[in-house]
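The values are calculated or read from the model by the stated rules, or taken from the named source; none is laboratory data. Everything quoted here is computed from the prediction, not taken from an experiment. Cβ: placed from backbone, ideal geometry, glycine included. Neighbour counts: every protein chain shown. The accessibility values were calculated without ligands, DNA or RNA, using every heavy atom of the protein model including side chains. Shrake-Rupley method; radii C 1.70, N 1.55, O 1.52, S 1.80 Å.
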Amino acid sequence: MVALKFVPFALKQIARRPTRTLLTICGVATAMFLFCAIQSMQQGMKDAAEANAAETTLIVYRENRFCPFTSKLPERYDGRIAAVPGVKSVLPMKIVVSNCRASLDVITFRGVPSDMFVKQAQSQFRILEGSIDDWNRRSDAALIGATMATRRKLKVGDRFDANGVVSIVAAIADSDEAQDKNTAYVHLDFLQRAAAIKSLGIVTEFIVKVNDPKDMESVARKIDAEFAHDTEPTQTRSEKAFVARAAGDLIELVGFTRWLGLGCVFAVLALVANTVVMSVQDRVREHAVLQTLGFTGFLIARLIVLEGAIVSLAGGIVGAGLAVLALRWGGVSLSTEGVNINFSASPQILLTGLLVSLTLGIVAGLVPAWQASRSDIVESFRSV
Amino acid sequence: MSYIECRKLTRAFHKGDTVIKPLRDLDLDIEEGMFLALMGPSGSGKTTLLNLLAGIDTATSGSLKIGGIELTSMPRSRLASWRADTIGYIFQLYNLVPVLTAYENVELPLLLHNYSKKERHAKVSLALDLVGLADRYDHYPRQLSGGQEQRVAIARAIVGDPKIIVADEPTGDLDAAAAAATMAMLKRLNIEFKKTMIMVTHDPKTAAVAQKTLHLEKGQLIENNA
Ligand SMILES: Nc1ncnc2c1ncn2[C@@H]1O[C@H](COP(=O)(O)OP(=O)(O)O)[C@@H](O)[C@H]1O
Ligand SMILES: [Mg+2]
């Protein structure tokens, strides 16, 4: 777009008004920090909503209950669920969360039958520290998600206490499933005993895998029919529908932040455009001199756009960089009704931030650049 | 055919309902290698004529040919590259870029051509040596005296080796000594480097350096003791 030999010239022009440039970069950085935080939240929401296994996974919950605190189902239902035609596997799970409402710092415990968990753990997790064997040996062992480990600064061997459940970290693992990143997996009987309200033989939900995705609906109806006349009737939904319902309020909230993101975009545009316009106004005479030397209007326009782009990208690097660092370091996640939305801090967020700031910088410079390129040399000399 | 040929050259500006004509039907021939001084009262159209010759302004009517090329009908972008190749412009108030060093100011016109960094360095050094500023490469305009600034401006005007150098009151803002030095330099560029030189001045002593002096009044040449 502009030959490399002109870049030092553009940089010198940018450095001409250091205070103005610095303030603009700070403003852009602030807006891009926010923008990236919002992007990361949006991405986290998407990840949660598009849970990998959703296609063949059903969640069986207590009818008319929406929080892990209140959904109580007998563990022995598992045999009857497994007997329903089309069901491939059943995993009883007890869930204990420290907070059922929307919160930024929720610890989620999932109690699972030891042997079943060990069987599926190999394919579900990438173990970063510790081992599944260690987990299996200790009755109070926990396998915790990487995001949770970062946020709580936990290492293998650490003891941690949440909601009165005291367990030992036996393994730290990463997983493709959004929910696993912020969860502590413990032995089912341990959690049943440890929970504030003793509840041996009681679980929160059953995770049911179906043989054929086409059967999801019918299998769900058959399961609910099976327990319709028991004291604890069930409500069975696809995992996708379950997450969508539980996180509905959050999704709405996070969806709203789109507008904040758009606001950031406009803030950056206005900031950079303002800076570029002022610097162009300062340099009417100088641009006339450059044109006299033989610079074309088009070249001058490109140099102006380059200046705006550099300033904006500098702000983007600072803002997006800090945002991703902060999100990485903080391991932030939003949770509600036992469903986690993990803020993504992927390189993609950083890349998006940089690209957006660069694009906005270019766009912001277009109009002043176009005006400068059309200015009349003699008029410019006479006007200043 | 002369190197520079003006025929019925007219420049008009429209200000609301009134029309100002700083140049009217001007006929002028300038030979290649000539050192021409333009004199005349303030507002007589000297700068307007110079700007047309330098290709930074376009005539309203008439014809202006330089080296056989008609300028009046040339599109903006072609005119810009024509200037880069043909014209060196020296201003009364130097017009250096304040954020660039003397070296970088002189280098500016060379950035428009495909020279390597090394080639640019050679040309800039030559130009700065020629104006006697070999020891001021890294000085910014604000660190230079008026006379030195004008010498950097002269170096910038000649670095691209243009055929024509135009100067609008180049000594108008300088003290006597600096003015004399500047004029000596312009004379040398004319004699030694065969540059066609067109200079506007108020000062008869300055004009005396030129081969020929023309007088403008109300946008027209007045024939007299040339
Ligand atoms: N761009 C312009 N718009 C309007 N009037 C102009 C413009 N340029 C020059 N003039 C007028 O034309 C006349 C000649 O100007 P100029 O060539 O600058 O005179 P000189 O250089 O001889 O002092 C002046 O009256 C000036 O006001
Ligand atoms: Mg003048």
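Tabulated data for the structure shown
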| read-out | value |
| --- | --- |
| Long-range neighbours under 7 Å by Cβ, at least six apart or interchain, first residue within 12 Å of another protein chain (Cβ to nearest Cβ) and of a type outside the set (Asp, Glu) within the stretch B:157-170, second assigned to a loop (DSSP other than H, G, I, E, B) and open to solvent by less than 10 Å² (accessible area, probe 1.4 Å) | B:166/B:54 |
| Which listed residue is over 30 Å from residue A:23 (Cβ atoms) and either open to solvent by less than 30 Å² (accessible area, probe 1.4 Å) or outside the structural domain of residue A:79 (by TED's automatic domain parsing) (or both), from A:210, A:272 | A:210 |
| Qualifying residues in the stretch A:346-384 (those that are of a type in the set (A, V, I, L, M) and within 14 Å of chain B (Cβ to nearest Cβ)) - the one surrounded by the most Cβ atoms within 10 Å (Cβ to Cβ) | A:372 |
| Selection count, the stretch A:99-115, where residues are open to solvent by 60 Å² or more (accessible area, probe 1.4 Å) and either β-branched (Val, Ile, Thr) or at pLDDT 85 or above (or both) | 1 |
| Test: residue in the stretch B:9-22 that is acidic (Asp, Glu) and more than 15 Å from ligand 1 (Cβ to nearest atom) | no |
| Residue identified as within 16 Å of ligand 2 (Cβ to nearest atom) and either open to solvent by 20 Å² or more (accessible area, probe 1.4 Å) or aliphatic (A, V, I, L, M) (or both) among B:79, B:49 | B:49 |
| Residue match in the stretch A:241-251 (condition: part of a helix (DSSP H, G or I), open to solvent by 50 Å² or more (accessible area, probe 1.4 Å) and closer than 24 Å to residue A:33 by Cα) | yes |
| The stretch A:10-26: number of residues that are open to solvent by less than 20 Å² (accessible area, probe 1.4 Å) and not polar (S, T, N, Q) | 1 |
| Failed condition for residue A:5, given (1) within 14 Å of chain B (Cβ to nearest Cβ); (2) touching a residue at least 24 places away in the same chain (Cβ under 8 Å); (3) in contact with a Lys or Arg (Cβ under 9 Å, 6 or more places away or on another chain) | (2) |
| Given (1) within 16 Å of ligand 2 (Cβ to nearest atom); (2) within 13 Å of chain A (Cβ to nearest Cβ); (3) out of contact with any helix residue (DSSP H, G or I) (no Cβ under 7 Å at 6 or more places or on another chain), index of the condition residue B:117 fails | (1) |
| Among the candidates B:133, B:128, B:96, residue that is under 21 Å from the mean Cα position of the chain (by Cα), more than 9 Å from chain A (Cβ to nearest Cβ) and at pLDDT 95 or above | B:128 |
| Filtered residues of the stretch A:294-324 (kept if in a helix (DSSP H, G or I), open to solvent by 20 Å² or more (accessible area, probe 1.4 Å) and within 13 Å of another protein chain (Cβ to nearest Cβ)) | A:298, A:302 |
| Within the stretch A:341-358, tally of residues that are closer than 29 Å to residue A:106 by Cβ and among the aliphatic types (A, V, I, L, M) | 4 |
| Pairs where the first residue, in the stretch B:47-59, is farther than 19 Å from residue A:290 by Cβ and part of a helix (DSSP H, G or I) and the second is away from ligand 2 (no atom under 12 Å from the Cβ) and polar (S, T, N, Q), C-beta under 8 Å, 6+ apart | B:52/B:58 |
| Residue in the stretch B:85-101 that is within 16 Å of ligand 1 (Cβ to nearest atom), in a strand (DSSP E or B) and of a type outside the set (Phe, Trp, Tyr) present | yes |
| Where residue B:129 falls short, out of the listed (1) away from ligand 1 (no atom under 16 Å from the Cβ); (2) closer than 23 Å to residue B:1 by Cα; (3) not small (Gly, Ala, Ser) | (2) |
| Qualifying position, being modelled with pLDDT of 95 or more, over 15 Å from the mean Cα position of the chain (by Cα) and more than 21 Å from residue B:215 (Cα to Cα), among B:79, B:64 | B:79 |
| Selected residue [among the hydroxyl-bearing types (Ser, Thr, Tyr) and modelled with pLDDT of 95 or more] from B:196, B:206 | B:196 |
| Residues located in the stretch A:160-194, provided they are part of a loop (DSSP other than H, G, I, E, B) and more than 27 Å from residue A:244 (Cα to Cα) | A:164 |
| Count of residues meeting criterion [touching a Cys at 6+ places or on another chain (Cβ under 7 Å) and more than 27 Å from residue A:280 (Cα to Cα)] in the stretch A:339-373 | 1 |
| From the options A:366, A:334, residue that is within 37 Å of the chain's Cα centre (by Cα) and at pLDDT 80 or above | A:366 |
